[in-house]
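S.K.: Below is the structure I would like to discuss, written out as structure tokens.
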Amino acid sequence: MRLSRFFLPILKENPKEAEIVSHRLMLRAGMMRQEAAGIYAWLPLGLRVLKKIEQIVREEQNRAGALELLMPTLQLADLWRESGRYDAYGPEMLRITDRHKRELLFGPTNEEMITEIFRAYVKSYKSLPLNLYHIQWKFRDEQRPRFGVMRGREFLMKDAYSFDIDEAAARRSYNKMFVAYLRTFARMGLKAIPMRAETGPIGGDLSHEFIVLAETGESAVYCDSDVLSLPVPGEEIDYDGDLEPIIRQWTSVYAATEDVHDAARFDREVGPEKKVHTRGIEVGQIFYFGTKYSDTMKAMVAGPDGADVPIHGGSYGVGVSRLVGAIIEACHDDAGIKWPEAVAPFKAVILNLKQGSDDTDTACEKLYQELTAKGVEVLYDDTDQRAGAKFAAADLIGIPWQILVGPKGLVDGKLELKRRGDGTRENLSPAEVVARLT
Ligand code: ATP
Ligand code: MG
Ligand code: MG
Ligand code: MG
């Protein structure tokens, strides 16, 4: 992508409305634009990151055996009356009436709709276990939308729903999602800690929130520092094997959100030097809720003895759009964003430090063609900005590798390769740069 043809509206000034660094940097880097309180347009740079995150979430859901479908954003109020949540959900729900005076709502979550789909088709325990998910926009009329995409009103969520014949099987489904979440967040360069959590309006009795530790987070959390260095399962993990040892390892070390924090147990189990009390960002939450929805909505299957039983359910959310902000909170410095490679909008950016000069133009053009041909996602800053402005913009938008092409280096046939993450620089030939990035 040539920057001269791209749409990257970088802001020079710090936007006043942004209280936290990720919100500030997303606006400054031209990633998104607020259209109404808590409602954002994703601009090309931001959308590239959102899609990368979405794809990692999708790959790990698929690996764990979940199946993707896509449900609509609008739902019938009557469906929610069946579960009793239409009135219970309160003002966070955006209620809509169509021209025929039918009551609709913009889905804040999908337990009811997926249960309706399930009960229409699945009649026997033989079709279980089943886990269905989608990645779809949600709407919650938050009391205080703030911090940009971290607490939006319209936001992108991955939500999965598991169906099992009994509690033991449902726990196996829960464990699969637990492990898939460990892998998902680790692949994005995040340390997200599973913490015991309250179940809230979803209901049920077993739940973990996945929390990224950050001072700007909205949740107060307590944990044992040992939990910060536990190993995350590799991609060879067998989801049909016994996951209990992994779950036990992660849940036997103290980690809890404020809502369920047990101060006496914390004191008893965690030594003073290992006590961590800080804030965190909830990037995902998993629930086992038993027969809560299948009882009210009559989602029954025939068990092995032929008798109908209500299925045991779980639901599993990931805040896909919130993750964009959460990753920036975890990966930035004073100059801007430092994207982990797995979610970066581009892998590399070529900075032509003397646009219009034959030698740099030729070298940049050649490098750009070569990297593009090899499938490297590369942005080429071919604008006629001065070098200082190009450095600042590249640091701000946070692309992991910067390739500096200036007349001085070219005299010796060298380019400079700068790593945004740690600022290290190397002088390399163009061929060496290509080899490094492919
Ligand atoms: P919060 O406590 O932050 O309000 P929640 O517990 O209400 O979130 P869940 O119902 O657990 O949210 O939804 C699953 C995930 O969706 C959350 O873990 C979070 O990452 C994301 N999410 C929830 N609300 C928002 C929001 N307003 N903006 C962006 N992401 C959100
Ligand atoms: Mg909420
Ligand atoms: Mg919450
Ligand atoms: Mg939650």
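S.K.: Scan region 279-290 and tell me whether some residue there is aromatic (Phe, Trp, Tyr), under 27 Å from ARG187 (Cβ atoms), in a strand (DSSP E or B) and touching a Ser or Thr at 6+ places or on another chain (Cβ under 9 Å).
M.R.: Pass one, region 279-290, residues aromatic (Phe, Trp, Tyr): 287-289.
With under 27 Å from ARG187 (Cβ atoms) added as a condition, the list becomes 287-288.
Narrowing the set further to residues that are in a strand (DSSP E or B) leaves 287-288.
In the following step, the residues that additionally are touching a Ser or Thr at 6+ places or on another chain (Cβ under 9 Å) were identified as 287-288.
Looking for residues that are aromatic (Phe, Trp, Tyr), under 27 Å from ARG187 (Cβ atoms), in a strand (DSSP E or B) and touching a Ser or Thr at 6+ places or on another chain (Cβ under 9 Å), one finds at least one in region 279-290, hence yes.
S.K.: In the set GLU218, GLU236, GLU209, which member is over 15 Å from the mean Cα position of the chain (by Cα) and within 16 Å of ligand 3 (Cβ to nearest atom)? Outline the logic, then answer.
M.R.: On the way: GLU236 fails: within 16 Å of ligand 3 (Cβ to nearest atom); GLU209 fails: over 15 Å from the mean Cα position of the chain (by Cα).
Exactly one of GLU218, GLU236, GLU209 is over 15 Å from the mean Cα position of the chain (by Cα) and within 16 Å of ligand 3 (Cβ to nearest atom), namely GLU218.
S.K.: Go over the candidates GLY271, GLY280, GLY313, GLY317 one by one and state the one that is within 16 Å of ligand 2 (Cβ to nearest atom) and either in contact with a Lys or Arg (Cβ under 8 Å, 6 or more places away or on another chain) or without any contact (Cβ under 8 Å) to a residue 12 or more places away in the chain (or both). Please lay out each step first, then the result.
M.R.: Working: GLY271 fails: within 16 Å of ligand 2 (Cβ to nearest atom); GLY280 fails: either in contact with a Lys or Arg (Cβ under 8 Å, 6 or more places away or on another chain) or without any contact (Cβ under 8 Å) to a residue 12 or more places away in the chain (or both); GLY313 fails: within 16 Å of ligand 2 (Cβ to nearest atom).
GLY317 is the lone residue from the list that is within 16 Å of ligand 2 (Cβ to nearest atom) and either in contact with a Lys or Arg (Cβ under 8 Å, 6 or more places away or on another chain) or without any contact (Cβ under 8 Å) to a residue 12 or more places away in the chain (or both).
S.K.: Which residue pairs have Cβ atoms under 8 Å apart, sit 6 or more places apart or on different chains, and have a first residue in region 73-92 that is touching a residue at least 60 places away in the same chain (Cβ under 8 Å) and a second that is within 16 Å of ligand 1 (Cβ to nearest atom) and assigned to a strand (DSSP E or B)?
M.R.: THR73/PHE106; THR73/GLN136; THR73/TRP137; THR73/LYS138; THR73/PHE139
S.K.: Consider region 269-284. How many of its residues are of a type in the set (A, V, I, L, M, F, W, C) and either within 16 Å of ligand 1 (Cβ to nearest atom) or touching a His at 6+ places or on another chain (Cβ under 8 Å) (or both)? If you could, list the steps in order and put the result at the bottom.
M.R.: Taking region 269-284 and keeping what is of a type in the set (A, V, I, L, M, F, W, C), we get 270, 276, 281, 283.
Filter again for either within 16 Å of ligand 1 (Cβ to nearest atom) or touching a His at 6+ places or on another chain (Cβ under 8 Å) (or both), leaving 281, 283.
Of the residues in region 269-284, 2 are of a type in the set (A, V, I, L, M, F, W, C) and either within 16 Å of ligand 1 (Cβ to nearest atom) or touching a His at 6+ places or on another chain (Cβ under 8 Å) (or both).
S.K.: From the list ARG172, ARG153, which residue is among the basic types (Lys, Arg), modelled with pLDDT of 95 or more and under 24 Å from TYR89 (Cα atoms)? If you could, list the steps in order and put the result at the bottom.
M.R.: Numbers: ARG172 fails: under 24 Å from TYR89 (Cα atoms).
Of the residues listed, the single one that is among the basic types (Lys, Arg), modelled with pLDDT of 95 or more and under 24 Å from TYR89 (Cα atoms) is ARG153.
S.K.: If you don't mind, there's one more thing I want to ask. Are any of the residues in region 222-231 touching a residue at least 24 places away in the same chain (Cβ under 8 Å), surrounded by 19 or more Cβ atoms within 10 Å (Cβ to Cβ) and within 16 Å of ligand 4 (Cβ to nearest atom)?
M.R.: No, region 222-231 has no match at all.
S.K.: With surrounded by fewer than 20 Cβ atoms within 10 Å (Cβ to Cβ) and part of a loop (DSSP other than H, G, I, E, B) as the only criterion, which of ASP295, ASP240 stands out?
M.R.: Details: ASP295 fails: part of a loop (DSSP other than H, G, I, E, B).
Only one candidate passes the filter, namely ASP240.
S.K.: What is the residue count in region 380-414 for residues that are part of a loop (DSSP other than H, G, I, E, B) and buried (at least 18 other Cβ atoms within 10 Å of the Cβ)?
M.R.: Within region 380-414, the first condition is being part of a loop (DSSP other than H, G, I, E, B), and the residues that meet it are 382-386, 398-400, 406, 412-414.
So of that shortlist, the ones also buried (at least 18 other Cβ atoms within 10 Å of the Cβ) come out as 382, 398-400, 406, 414.
Counting residues in region 380-414 that are part of a loop (DSSP other than H, G, I, E, B) and buried (at least 18 other Cβ atoms within 10 Å of the Cβ) gives 6.
S.K.: Here's something else I'd like to know. Can you tell me which residue in region 165-201 is nearest to GLU282 (Cα to Cα), limited to those that are among the hydroxyl-bearing types (Ser, Thr, Tyr) and crowded, with 19+ Cβ neighbours inside 10 Å? Reasoning before the result, please.
M.R.: Going through region 165-201, the residues among the hydroxyl-bearing types (Ser, Thr, Tyr) turn out to be 173-174, 181, 184, 199.
Now restrict to residues that are crowded, with 19+ Cβ neighbours inside 10 Å: 173-174, 181, 184.
Numbers: SER173: 21, TYR174: 18, TYR181: 12, THR184: 14 Å.
The residue in question is TYR181.
S.K.: Looking only at residues in region 101-125 that are without any contact (Cβ under 8 Å) to a residue 24 or more places away in the chain and part of a helix (DSSP H, G or I), which one is farthest from ALA169 (Cα to Cα)?
M.R.: The extreme case among them is ALA120.
The values are calculated or read from the model by the stated rules, or taken from the named source; none is laboratory data. Only a predicted model underlies this, so the values are computations on that prediction, with no experimental measurement involved. Neighbour counts run over all protein chains shown; Cβ positions are idealised from the backbone, glycine included.
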